[in-house]
Amino acid sequence: MVTMLVGLALFLGVHSLKILRPAHDRLSAALGATGYKAAYALLSLAGIVLAARGYGAWRAEGPPILYTPPAGLSHLSMLLMVFAFVFLVAAYLPGHIKHALKHPMLVAVKIWALAHLLANGDLASVVLFGAFLAWAVADRISVKRRQRAGEIAPAAFTPRWQADAVAVVVGFVVYALFVWKLHLWLIGVSPLAVVPAV
């Protein structure tokens, strides 16, 4: 549990610096642009590794069950993850998906977290995915406020359908790989093992 909480604090703490502008500006000035980016990347990597390992260890210990999701929610979770992967890829491409969602990365994180909360009712899952969901909501609110204040402006681009096609195809492929092997390899649990047969 402690390992996961430390990882969460590291990862989400670093990613919350943009919300806490004074702290972000002080660190950026102290470390310089390159130093700040390097520290950001290293702390983010360390955080996500610790959170993932801590989550796996806590799950293996048998955390308390807060709720037992109905079978249908596991199937809904699998469906939602398709959109999460597509939106995640779309965040890096100048398509209509990115233009419509404004911040597809944050939308992907919210869908990913919600999908896992629908399929997992143990305390470890609720803490992990609930924390990510809360962070993504807070970050989106922060982005809106900063845009209204004129602190940041969305990048201008001309949406292209080709970019959307790439996002959908790559998103589906990565999703299929995760369902097939990657989720089991990285997390230690196969998504198919937790989805009841219809």
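Some notes on this structure:
- Which listed residue is under 30 Å from ASP25 (Cα atoms), among the hydrophobic types (A, V, I, L, M, F, W, C) and outside the structural domain of MET4 (by TED's automatic domain parsing), from VAL137, VAL86, VAL126: VAL137
- Selection within segment 26-41 - within 19 Å of PHE132 (Cα to Cα) and either loosely packed, with under 14 Cβ neighbours inside 10 Å or not assigned by TED's automatic domain parsing to the domain that holds HIS15 (or both): ALA41
- Scanning segment 83-123 for residues that are outside any helix (DSSP H, G or I) and of a type in the set (D, E, K, R) gives LYS102, ASP122.
- Restricting segment 13-41 to residues that are of a type in the set (D, E, K, R) and either assigned to a helix (DSSP H, G or I) or modelled with pLDDT of 80 or more (or both) leaves a set whose member that is nearest to ILE152 (Cα to Cα) is ARG21.
- Scan segment 139-177 for residues that are surrounded by 13 or more Cβ atoms within 10 Å (Cβ to Cβ) and under 21 Å from the mean Cα position of the chain (by Cα) and the total you get is 15.
- Taking segment 141-198 as the range and being of a type in the set (D, E, K, R), modelled with pLDDT under 85 and either assigned to a helix (DSSP H, G or I) or touching a helix residue (DSSP H, G or I) at 6+ places or on another chain (Cβ under 6 Å) (or both) as the test, the residues that pass are ARG146, ARG148.
- Take the conditions (1) hydrophobic (A, V, I, L, M, F, W, C); (2) surrounded by 15 or more Cβ atoms within 10 Å (Cβ to Cβ); (3) closer than 19 Å to TRP112 by Cβ; VAL49 misses just one of them, which is (2).
- Checked against the criterion of being among the aromatic types (Phe, Trp, Tyr) and surrounded by fewer than 17 Cβ atoms within 10 Å (Cβ to Cβ), the candidates TRP180, TRP135 yield just one match: TRP180.
- Any hit, segment 14-22, residues being surrounded by 17 or more Cβ atoms within 10 Å (Cβ to Cβ), out of contact with any Lys or Arg (no Cβ under 8 Å at 6 or more places or on another chain) and in contact (Cβ under 8 Å) with a residue 60 or more places away in the chain: yes
- Condition check for GLY47: at pLDDT 90 or above and not assigned by TED's automatic domain parsing to the domain that holds VAL189: yes
The values are calculated or read from the model by the stated rules, or taken from the named source; none is laboratory data. The structure displayed is predicted, hence computed values, not measured ones. Here the Cβ is made from the backbone with ideal geometry for all residues, glycine too, and neighbour counts use every protein chain on show.
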